[in-house]
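Below is one structure, written out as structure tokens; comments come after it.
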Amino acid sequence: MEEERILLSSSRRSIKHEYTSVDDQAGRQTPNPTRKPLTPIAKGVIAVIIVIVLAAVAIPLALLNQDLSNEDIPSCDGTDCQERALALMAQTPLIDGHNDLAWQLFGKFNNQLGKLNLSEHVNVTQTDIPRLREGRVGAQFWAAYVPCETQFKDAVRATMDQIDVIKRMCAQYDDFELVTTSDEISKAFSDSVIGGLIGVEGGHSIDNSLATLRLYYELGVRYLTLTHTCHTPWADSCTPAPEHNGLTAFGREVVLEMNRMGMLVDLSHVSAKTMQDALDVSKAPVIFSHSSAFEICNNTRNVPNDVLDRIPENGGLVMVNFYSDFVCCGRPDCQLSDVANHITYIKERIGSEYIGIGGDYDGVDSLPKGLEDVSEYVHDYSYN
């Protein structure tokens with residue numbers, strides 16, 4: 001595919017650079033040798049973004065009725081593209097960028113997996129295995145989220161609890177397999193297993209510690225959202241009034257350390273200035289794991305045009321959110337076609353190869369009609 005050639009080229013940039021690390025608790029500068037280029041493991045992790053793009057773009061391409069060379073993919077008559085979408089989803093794993101089921105497991109079941117059966121329909125969540133299967137989900141980034149109220153208190157311990165429940169969930173069910181590389185995603189898909197990846201949602205979860213960030217990586221975390229709805233001491237969120245004017249010097253070190261390891265930099269939830277600063281610093285593609293287009297819905301959680309315009313050069317990805325407030329700005333009649341409008345806008349502005357999906361299921365209480373739970377992805381991708 002032409003998209004594959006373009007993305008492979010844009011993602012194989014050297015990220016070798018000089019750096020000085022920060023002992024963040026005391027604010028001391030400590031010298032370090034030249035930061036090493038990506039290890040084979042880190043290269044494999046950064047390659048995840050290529051898989052995400054190829055997977056999450058292939059389906060919107062069907063939605064937008066693009067021509068594909070594969071003769072096995074049925075054509076779309078412009079009104080009902082479901083057959084075409086299903087054929088694409090059988091060949092290419094749909095990878096969703098953000099699901100908050102783990103937070104529901106904490107809030108409703110105190111992380112006691114014995115209190116529910118995800119192999120059956122679960123009435124109190126938007127996610128379970130039968131509906132993931134119905135929605136043809138190939139792999140899922142599970143969010144390890146803890147509230148901003150834990151900042152400067154027990155954020156690290158609470159985040160570890162959420163990483164633990166995700167890992168236990170993936171181990172408990174044969175339908176899931178914890179994955180950390182693109183090769184593992186592909187193998188899980190070929191084995192008809194749903195690949196599970198971990199993303200930590202909120203920079204407050206590292207408690208100003210690069211060591212904690214590195215240990216999260218060792219536990220399988222493959223993206224960090226730089227903020228949630230609160231500022232960290234090193235990055236501005238999109239929600240309160242700005243405090244740092246984007247990233248601080250230590251915030252830049254966080255981004256570069258993520259680059260070095262091969263952890264994806266997630267810019268959902270951050271301020272527009274933090275987005276710009278991260279794009280200035282990052283030597284690898286960034287993602288927006290669950291954000292939509294500001295031009296369509298002027299909510300600060302969405303991506304403004306001047307940031308969208310920088311994504312092609314960076315090689316990153318905007319994974320469109322389904323939350324009604326970010327799709328329709330609170331309009332009560334929000335529906336699937338409104339999500340399609342965001343996808344179309346981003347495609348026409350920067351190209352379809354930079355579009356993904358981050359539904360935000362089980363993290364929101366209002367969804368467009370036709371996208372009420374994880375079973376509805378097929379409807380989204382067959383809509384035209």
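The values are calculated or read from the model by the stated rules, or taken from the named source; none is laboratory data. Because the structure is a prediction, the values reported are computed rather than measured. Heavy atoms of the whole protein, side chains included, go into the accessibility calculation; ligands, DNA and RNA do not. Shrake-Rupley method; radii C 1.70, N 1.55, O 1.52, S 1.80 Å.
Going by accessible area, probe 1.4 Å, with all protein chains left in place, what is the ranking of 365, 338, 207, largest first? Before the final figure, lay out the partial values.
Numbers: 365 135, 338 20, 207 55 Å².
Greatest to least solvent exposure: 365, 207, 338.
Using Cα-Cα distances under 8 Å and only pairs 6 or more residues apart, what relative contact order does segment 223-280 have, in percent?
Taking the mean separation of contacting Cα pairs over the length of segment 223-280, I get 44 percent.
Write down the accessible area per residue of segment 164-240 in Å², having rolled a 1.4 Å probe over the full set of protein chains.
That works out to 33 Å² per residue.
How high is the relative contact order of segment 176-239, given as a whole-number percent (alpha carbon pairs under 8 Å, six or more residues apart)?
Working: 77 pairs, mean separation 19.4, N = 64.
Computed over segment 176-239, the figure is 30 percent.
What are the semi-axes of the equivalent ellipsoid of segment 315-370, taken as the square roots of 5 times the eigenvalues of the Cα gyration tensor, listed largest first and rounded to whole Å?
Its equivalent ellipsoid spans semi-axes of 21, 13, 8 Å.
Strictly over 26 Å apart at the Cα level, which of 108/153; 115/153; 283/347 would you flag in this model? Working shown, then result.
Numbers: 108/153 23 Å; 115/153 28 Å; 283/347 24 Å.
Going by Cα-Cα distance, 115/153 fall outside the 26 Å limit.
Counting C-alpha atoms alone, how compact is segment 181-297: give Rg to one decimal and Dmax as a whole number, in angstrom.
Here Rg and the maximum Cα pair distance are 14.7, 48 Å.
Compute for segment 233-384: radius of gyration divided by Kirkwood radius, i.e. Rg/Rh, restricted to C-alpha atoms, rounded to two decimals.
Values: Rg = 15.4 Å, Rh = 15.7 Å.
Rounded to two decimals, Rg over Rh is 0.98.
Which percent, to the nearest 5, of DSSP beta bridges fully inside segment 185-331 are antiparallel? Kindly include the intermediate steps, with their values, before the conclusion.
Values: 3 of 15 bridges.
So the antiparallel bridges in segment 185-331 amount to around 20 percent.
Once you order the gyration tensor axes a ≥ b ≥ c over the Cα atoms, which shape class does segment 110-218 get: rounded for a/c under 1.5, otherwise prolate or oblate by comparing a/b with b/c?
Values: a/c = 2.48, a/b = 1.48, b/c = 1.67.
Note, shape of segment 110-218 comes out oblate.
Explain nothing, just the number: relative contact order of segment 117-206, from Cα pairs under 8 Å at least 6 residues apart, as a whole percent. Show your work: numbers first, answer last.
Values: 112 pairs, mean separation 32.2, N = 90.
RCO, segment 117-206: 36 percent.
Considering only protein heavy atoms and a probe of 1.4 Å, how much of the accessible area of segment 246-372 is carbon and sulfur, as a whole percent? Write down the numbers at each step before the final one.
Values: 1620 of 3700 Å².
Whole-percent figure for carbon plus sulfur exposure: 44.
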